[in-house]
Amino acid sequence: MTEIVITGTGLYSPDDVITNEELVASFNAYVSHYNELHSVAIEMGDKEPLQPSSADFIVKASGIKRRHVLDKKGILDIARMYPQFPDRTDDMLSIQAEMALIAARQALADAGREVQDVDGVIVACSNMQRAYPAMAVELQNALGTKGFAYDMNVACSSATFGIQAAANAIRSGSAKCMLVVSPEICSAHLNFRDRDSHFIFGDACTAVVLEDQTNAMTSRPIMIMGERLITQFSNNIRNNFGFLNRCVESDVDRADKLFMQLGRKVFKDVCPMVSNLVSDHLQQLDISAQQIRRLWLHQANLNMNQLIARRILGREPATDEAPVILDEYANTSSAGSIICFHLHRQDLVEGDIGVICSFGAGYSAGSIVVKQLA
């Protein structure tokens with residue numbers, strides 16, 4: 001039986017960083033401007049005044065303290081409040097391919113592989129900047145890899161679903177070495193004028209190299225013991241932006257064309273769905289909770305992660321058992337659990353078992369159980 005191993009990971013983080021204090025100062029300036037501009041309507045009861053935010057509120061609600069973004073200036077400008085990217089011609093590398101190229105090269109170097117060793121590329125992320133040609137094919141061309149490439153989108157679970165697809169490609173004999181890359185530009189679909197969500201997301205890109213164990217070059221491969229995926233339809237996390245908007249005369253600047261969620265409902269629905277998924281997966285693999293050394297959970301919300309970890313382990317997790325990168329990176333959609341894995345796997349010893357777990361819109365959730373080899 002073909003054993004699949006993870007042999008390399010890579011991470012691209014934008015240089016621009018926005019702290020909670022900077023984000024709140026911009027948001028509160030916008031609130032003051034809005035309330036002053038609409039003061040008459042507010043006084044007459046025709047409009048509700050906007051409420052200011054605070055850095056303490058953000059930390060308490062999410063555990064987030066700062067985030068990396070591709071364009072800080074545009075986000076903090078209260079006359080704009082979203083990133084501004086220079087237009088690129090068709091013969092220039094796209095923004096997502098540019099991010100992906102950096103992370104992919106890191107992952108390949110980590111795996112001890114050259115670009116010609118890669119048989120397939122999957123770009124798995126929440127939002128693609130265009131419909132076609134695929135970002136994966138563009139990345140394949142920029143890297144100079146052979147074989148095939150395609151895009152896939154399962155929102156915040158894209159990376160784990162991509163890993164499962166890559167593992168299956170190797171098992172089937174379609175490839176010997178696969179690359180899964182997740183370029184997430186979450187700041188571009190975030191409503192920075194919404195008090196309940198303006199602090200949630202950051203930008204990042206991760207990359208993972210998977211191979212048949214017999215071909216692995218690295219001295220410390222991590223074996224995939226099993227993958228398990230689940231989806232369940234829900235409107236509680238949604239983004240209605242798409243190419244059909246113009247056909248239904250829809251206002252592309254309307255709030256529903258950006259990230260929206262009903263946070264309390266998401267929390268109530270997703271926590272049991274994810275903890276049950278992982279627990280059932282471990283039981284299927286005949287692995288007890290006591291054997292789990294580490295949980296690399298999707299980095300969406302600190303309270304969610306703590307509850308899910310407690311339910312899986314049956315106790316309060318130690319800090320290093322369920323590491324958190326939310327304070328530095330915020331929610332980076334599908335890249336989050338892989339950032340956590342990338343930064344918190346070097347201390348594993350032979351035989352250590354862990355779970356890479358994603359969850360998000362759809363609903364979707366993925367569980368990848370792994371074991372550190374010698």
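The values are calculated or read from the model by the stated rules, or taken from the named source; none is laboratory data. None of these values were measured; they are calculated from a predicted model. For neighbour counting, all protein chains shown are included, and Cβ atoms are generated from backbone atoms with ideal geometry for every residue, glycine included. Areas reflect the complete protein model, heavy atoms only, side chains present, ligands, DNA and RNA absent. Shrake-Rupley method; radii C 1.70, N 1.55, O 1.52, S 1.80 Å.
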Residue pairs meeting the criteria (Cβ under 7 Å; at least 6 apart or on separate chains; first of a type in the set (Asp, Glu), in the range 114-138; second assigned to a strand (DSSP E or B) and surrounded by 17 or more Cβ atoms within 10 Å (Cβ to Cβ)) | 117/177; 119/177; 119/178
Can you spot a residue in the range 47-64 that is open to solvent by 30 Å² or more (accessible area, probe 1.4 Å), under 20 Å from residue 127 (Cα atoms) and of a type in the set (S, T, N, Q)?
-> no
Among the helices (runs of 4 or more DSSP H) confined wholly to the range 253-330, which include 1 or more residues that are touching a Pro at 6+ places or on another chain (Cβ under 6 Å), crowded, with 20+ Cβ neighbours inside 10 Å and in contact (Cβ under 8 Å) with a residue 12 or more places away in the chain?
-> 302-313
Mind checking which residues of the range 331-355 are assigned to a strand (DSSP E or B) and under 12 Å from the mean Cα position of the chain (by Cα)?
-> 331
List every residue pair whose Cβ atoms sit under 6 Å apart, with the two residues 6 or more apart in sequence or on different chains, where the first one lies in the range 12-33 and is small (Gly, Ala, Ser) and the second, anywhere, is part of a helix (DSSP H, G or I) and at pLDDT 95 or above.
-> 26/76
If you check 155, 159, 169, which single one turns out to be open to solvent by less than 30 Å² (accessible area, probe 1.4 Å) and on the phi > 0 side of the Ramachandran plot?
-> 155
Residue hits (the range 50-82; out of contact with any strand residue (DSSP E or B) (no Cβ under 6 Å at 6 or more places or on another chain), in contact (Cβ under 8 Å) with a residue 12 or more places away in the chain, of a type in the set (A, V, I, L, M) and part of a loop (DSSP other than H, G, I, E, B)) are 50, 64, 78, 81
Across the range 1-21, what is the total count of residues that are buried (at least 16 other Cβ atoms within 10 Å of the Cβ) and assigned to a helix (DSSP H, G or I)?
-> 1
With 69, 24 as the choices, which residue is more than 30 Å from residue 212 (Cβ to Cβ), surrounded by 15 or more Cβ atoms within 10 Å (Cβ to Cβ), among the hydrophobic types (A, V, I, L, M, F, W, C) and within 19 Å of the chain's Cα centre (by Cα)?
-> 69
Subset of the range 361-374 that is among the hydroxyl-bearing types (Ser, Thr, Tyr) and surrounded by 23 or more Cβ atoms within 10 Å (Cβ to Cβ) - its residue that is farthest from residue 239 (Cα to Cα) = 367
When (1) surrounded by fewer than 16 Cβ atoms within 10 Å (Cβ to Cβ); (2) within 22 Å of the chain's Cα centre (by Cα); (3) outside any loop (DSSP other than H, G, I, E, B) are applied to residue 85, the one that fails is (3)
How about the range 331-360: which of its residues are surrounded by fewer than 22 Cβ atoms within 10 Å (Cβ to Cβ) and out of contact with any Leu (no Cβ under 8 Å at 6 or more places or on another chain)?
-> 344, 345, 346, 347, 348, 349, 351, 352, 353
Does residue 126 satisfy the condition of being of a type in the set (Ser, Thr, Tyr), touching a helix residue (DSSP H, G or I) at 6+ places or on another chain (Cβ under 8 Å), assigned to a loop (DSSP other than H, G, I, E, B) and under 22 Å from residue 334 (Cα atoms)?
-> yes
Which residues, taken from the range 218-272, are aliphatic (A, V, I, L, M), under 30 Å from residue 349 (Cβ atoms) and either within 19 Å of the chain's Cα centre (by Cα) or at pLDDT below 95 (or both)?
-> 229
Scanning the range 108-144 for residues that are farther than 19 Å from residue 95 by Cα and buried (at least 24 other Cβ atoms within 10 Å of the Cβ) gives 111, 118, 120
Name every residue in the range 283-300 that is modelled with pLDDT of 95 or more, hydrophobic (A, V, I, L, M, F, W, C) and within 19 Å of residue 157 (Cα to Cα), in order of residue number.
-> 295, 296, 297
Being open to solvent by 10 Å² or more (accessible area, probe 1.4 Å) and in a helix (DSSP H, G or I) is the filter; apply it to the range 175-217 and report the residue that is nearest to residue 145 (Cα to Cα).
-> 215
Can residue 109 be described as under 24 Å from residue 343 (Cα atoms) and in a helix (DSSP H, G or I)?
-> yes
